[in-house]
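Enquirer: Once you've had a glance at the structure underneath, I'll fire off some questions.
The values are calculated or read from the model by the stated rules, or taken from the named source; none is laboratory data. Not measured: the values here are computed from a predicted model. Cβ coordinates were reconstructed from backbone atoms using ideal geometry, including for glycine residues, and neighbour counts include every protein chain displayed. For the accessible areas, the whole protein counts, side chains as well, though only heavy atoms, and no ligand, DNA or RNA atoms are used. Shrake-Rupley method; radii C 1.70, N 1.55, O 1.52, S 1.80 Å.
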Amino acid sequence: MELLLTSLSALARIDVAIALLIGSVGGVIIGAIPGVGPAIAIAILLPATFALEPIVGLTLLLGIYGSSMYGGAIPAILINAPGTAVNALTTYDGYPMTKRGEATKALSLAFGASFCGAIISIVALMCLSPVLAAVAPMFGSREIFLAALLGMILVVVTHRGQALAAGALLCFGIFINTVGLEPIRYTQRYTFEQAWLASGIDLIVVVLGLFALSQAFLLLVGKDEHNKPPALVGRLFDGLRDVLRLPKIVLPSAGFGVVMGMIPGVGEFLAQFFSYSLARKTSGNGKNFGKGAPEGLIASETANNAVPAAAMIPLLALGIPGEALTAMMLAVFYVHNVIPGPQLFANDFDFILSLYMALLILNVLAFAFLLGTTKWITQVVRIPNRFLGMVILILSFVGVFSLRNSIIDCAIAAAFGMLGLMLKRLNLPIVPIILGMVLGGIMEVKFRTSMARVQTPFDFIERPVAQVLFAIIVIVLVAHIYSLFRAKKSEDLEA
């Protein structure tokens, strides 16, 4: 109880309260604007958070991360254009409900399901925190190396149909991280005697280029879309009551969100896939899924909002981000010399509880804000794409330049922006590049640190946790190869 009170006292500050309010409200609005999304907003805000205390900066970023999924459901349901990538599945049943004249009901169900998924996830993980605090110290350099390796493998295999491209982009990200001074002996690598490469290629510069600038270029070269949202009639609070009447859909969907969020490299998409599939099988209304079934909408929104809290576990416990947004948050820790990992759980457990309490408050604020302002927020879908693109472009370059007052950084960001634009046009994933940069750096340091105590390759898996991680790696690889073999066999039979 004393630990909980200490955590709450860390949030009872005016700067944290402002970050909570801006994060929750700003996240909803950003999520509701098609073409922006949390990754772009966090990338733009990231340089500014370096001047804030860790609890303030992370609260702001967490607010945008979690609340944007609430807002992302608005254009997905009203105009069939998901505000964030993870709201794509929401369009399956949300938009057909709008076409039937049930837009208010669909939004109400989406907000209620998102709120329930988030609260269940946060409470479950707060209850699990003592267990995680006990397990985290069992991770040494070898275990963290294997966990990072597992994360890399999962990033590749979860991109079904694009595994080869994801693997190549992951390796490209690892290579980018090697440019500059290596972290142990500080010798130069791949600098080609160019002084501007000696400090390496900054992660934030790459993030802003690949996410923010690429999206700005995409919006600027595209056509302006003039969307007109339908009028909303009725109360939005009723959806929470309707969601609570379907625990057999809400609880398994939230469970999938928690489990998938804790696994590096998996995230919302797989959680949604499993929860939606299970809901369709167990619901008596399965034949209407994809045609406007309320159960499908609830399953999708519950799962994706249960992920953000769970995605913080590998970041906080092991220092391993599961996807691009938590990789950006890792930069905030490093700037303030707060190193996520086993020692953070052992020595600063009140800080971790403060983050979860902040997430709890953020979700309450976002839900309350939506209940009172959705009729006005829906108007943001009218903003022209090219205007959005220009705003993102200007803010991105301001953010890049503010990092080190370097025009070279702006040029590097622009180059990665063009690369990101090409990848988006080719429908190839961008996230593996970021995770390659982050996980590659972690793996290199942990591998070289552990080599002082390793005589043979088998020494890497001599401890129980390492053996479990190695077994999971083998199982994932075997299962992926088997699935490829089955897919090839079925193609041959069809031919």
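Enquirer: For the stretch 1-453, what does the accessible surface come to per residue with a 1.4 Å probe? Please give it in Å². Intermediate results must be reported in sequence, preceding the final value.
Expert: Values: 18000 Å² over 453 residues.
Here the residues of the stretch 1-453 average 40 Å² of exposed surface.
Enquirer: Output the relative contact order of the chain, whole-number percent, from Cα pairs under 8 angstrom with separation of 6+ residues.
Expert: Answer for the chain is 28 percent.
Enquirer: Counting only protein heavy atoms and a 1.4 Å probe, tell me what percentage of the chain's accessible area is made up of carbon and sulfur. Working shown, then result.
Expert: Values: 14490 of 21370 Å².
So the carbon and sulfur contribution to the accessible surface is 68 percent.
Enquirer: For helix 90-99, report the angle its Cα long axis makes with the longest principal axis of the Cα atoms of the chain; keep it between 0 and 90° and round to the nearest 10°.
Expert: Approximately 20 degrees, to the nearest ten.
Enquirer: Could you tell me the calculated FRET efficiency between Ala163 and Gln467, based on Cβ-Cβ distance and R0 = 22 angstrom, to the nearest 0.05?
Expert: On the way: r = 26 Å, r/R0 = 1.19.
Efficiency for this residue pair is about 0.25.
Enquirer: Does anyone have the angle between helix 14-32 and the longest principal axis of the chain? Alpha-carbon axes, 0 to 90°, nearest 10?
Expert: In the chain, helix 14-32 runs at an angle near 70 degrees to the longest axis.
Enquirer: Sorting check: for 239-251, 293-305, which peptide has the highest mean count of neighbouring beta carbons within 10 Å, and how do the rest follow?
Expert: 293-305, 239-251
Enquirer: Can you order the peptides 310-319, 58-67 by their average number of other Cβ atoms within 10 Å per residue, highest first?
Expert: 58-67, 310-319
Enquirer: Could you give the angle, 0 to 90 degrees to the nearest 10, between helix 349-377's Cα long axis and the longest principal axis of the Cα atoms of the chain?
Expert: 30
Enquirer: On to the next question. Given an 8 Å cut-off on Cα distances and at least 6 residues of separation, report the relative contact order of the stretch 304-417 as a percent.
Expert: That works out to 15 percent.
Enquirer: Label points 7 Å out from Cα along the Cβ direction at Phe387 and Ile14: separation in nm?
Expert: Taking the two extended label points, one gets 3.4 nm.
Enquirer: Can you tell me how much longer the chain between Cys171 and Ser277 gets when fully stretched, taken as 0.36 nm per residue apart minus their C-alpha distance, in nm with one decimal?
Expert: 34.9 nm
Enquirer: Which label belongs to the value computed from this structure, given these candidates for Rg and Dmax of the Cα atoms in Å: [x] 30.8, 104; [y] 22.3, 70; [z] 25.6, 82?
Expert: [y]
Enquirer: Now for a different question. Mind ranking 18-30, 181-193 by how tightly packed they are, going by the mean number of other C-beta atoms within 10 angstrom, highest first?
Expert: Going from most to least packed, we get 18-30, 181-193.
Enquirer: Same structure again: For Ser490 paired with Asp350, estimate the spin-label separation in nm (one decimal), with each label point 7 Å from Cα along the Cα-to-Cβ line.
Expert: Distance between label points: 5.4 nm.
Enquirer: Moving to a separate point now. Project the alpha carbons of the stretch 30-144 onto their principal axes and report the range along each, largest first, in whole Å.
Expert: The Cα atoms of the stretch 30-144 stretch 55, 33, 26 Å along the principal axes, largest first.
Enquirer: As a quick test, which of the pairs Lys375/Lys424; Lys287/Lys424; Lys446/Lys488; Lys99/Lys223; Lys248/Lys291 have an alpha carbon distance above 30 angstrom in this structure?
Expert: Among Lys375/Lys424; Lys287/Lys424; Lys446/Lys488; Lys99/Lys223; Lys248/Lys291, the Cα-Cα distance tops 30 Å for Lys375/Lys424; Lys287/Lys424; Lys446/Lys488.
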